[in-house]
Structure formats: structure tokens, C-alpha cells
Amino acid sequence: MGAGESSDNFAAMDNSQWYQKFMNQCPSGQLSLYEFKTILGLRYMSPQANMYVERGDMYIKRVFDIFDLNQDGFIDFLEFIAAINLVIRGKIDQKLKWYFKLYDADGNGCIDKKELLSIFTAIQAINGYTSMSPEEFTDMVFQKIDVNNDGELSLEEFITGVEKDEGLMELITKTFDLSNVLKVIQSGRRHSI
């Protein structure tokens, strides 16, 4: 399913349809981290992917924590809808702020090379994106957008740099495609827990 096709399909569903799908996947009305991983199919990763479980778990936990707006350890329906709206309807600058927050693992307001390398490695473990190594990706991002060469990217540097570079924008967007989560929920498939 292409990016445009998936966005169109997801955007066509109204909140009541999403609510039904969400409740089918998560009858308690609260999606735990374990259920989130199960929906993503991470309980059934290949042996090769299992080598990266720790890194993949870190990435998934990071995504989960960012979507868990009230930090109660669950994603409820309102948080889920907010995530869908970001993924489907969010403006570029909103998505870039979200990507920045995901990359900024220690929450200090800057992304350093270690954080970017770690998150991109974890992303590869989950989605299998392999057009370049995490080291190549990290070096390329910093070479292109670390304008003051201090080894850290501020939010402003990140947004401005990515918006100016169409190739980098496309690459970052592809690596963070969360439509697979929405496809699973939309289709009503659920892995047994």
C-alpha cells in the first residue's frame, strides 16, 4: 500500500470507525506497551531481527512514550486519535517536531550523533529500512544540517535543514512511516497475546 493510498484510506475513516477498530484491538480502552508491540507484530520477529530486539524495543518504547501524552503508561483513544491526526493530517512542521522529539532521547533540546545513530539503528531493526547504514545516515544528516558544526542539532536547525533538503525530508518520512500500525488496527487483525 503506497503512502498516498494509505493516507487516503485512513483519512476516510471517521472517529467512530477508528473507535470501533481501537476497541476491537484493545477492549480495555487502554493500549499498553505490550499490546502496542503485539499489534506491530514484534512478538513474531525473524531470528535476524531478534538480534536487534533491544534496540527495536527502545524505539517502540520511545514512540509509545511520545504518544502517551499524559504519561500514564497507556495510550487511550484520545491519545490514539491525536497520533493518527499527526501521522495522517499533520503539517510538515508538526511532523518534524515529532521526529525531533523522538530523536532527542535524553530530552535536552538537542540531538547529538549518538542519539541519532541509536534511534536510526532501532528504526532499521523494526522496519527493515536498509538503503544506508545508521552511521551513513547519521553522518549525512549532520553534514547537511549542522550549520554551526557543534555536533548537535537544535530544533530550529533540524526543521530548517530538513525542510530545505527534499531528499532528506523524503528519507526521514519513509523511515518513520507508522501507517503499518494503522493498517493493522484498520484491518482488525490482532496477534494473539
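See the values below:
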item: Residue list for segment 131-146, restricted to those being within 19 Å of Asn108 (Cα to Cα) and either touching a Cys at 6+ places or on another chain (Cβ under 8 Å) or outside any helix (DSSP H, G or I) (or both); result: Asp146
item: Segment 102-119 - residue that is in contact with a helix residue (DSSP H, G or I) (Cβ under 6 Å, 6 or more places away or on another chain) and open to solvent by 50 Å² or more (accessible area, probe 1.4 Å) and, of those, farthest from Lys61 (Cα to Cα); result: Lys113
item: Residue tally, condition more than 19 Å from Thr121 (Cα to Cα) and among the aliphatic types (A, V, I, L, M), over segment 157-172; result: 2
item: Residues within segment 138-193 that are β-branched (Val, Ile, Thr), at pLDDT below 90 and in contact with a helix residue (DSSP H, G or I) (Cβ under 7 Å, 6 or more places away or on another chain), tallied; result: 7
item: Test: residue in segment 32-42 that is among the aliphatic types (A, V, I, L, M), at pLDDT below 85 and within 22 Å of Phe158 (Cβ to Cβ); result: no
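The values are calculated or read from the model by the stated rules, or taken from the named source; none is laboratory data. This one's a predicted model, so the numbers in the text were calculated from it and none came from an experiment. Quick reminder, even Gly has a Cβ in these numbers, built from the backbone with ideal geometry, and neighbours come from all protein chains shown. Keep in mind that these areas ignore ligands, DNA and RNA; they rest on the heavy atoms of the full protein, side chains included. Shrake-Rupley method; radii C 1.70, N 1.55, O 1.52, S 1.80 Å.
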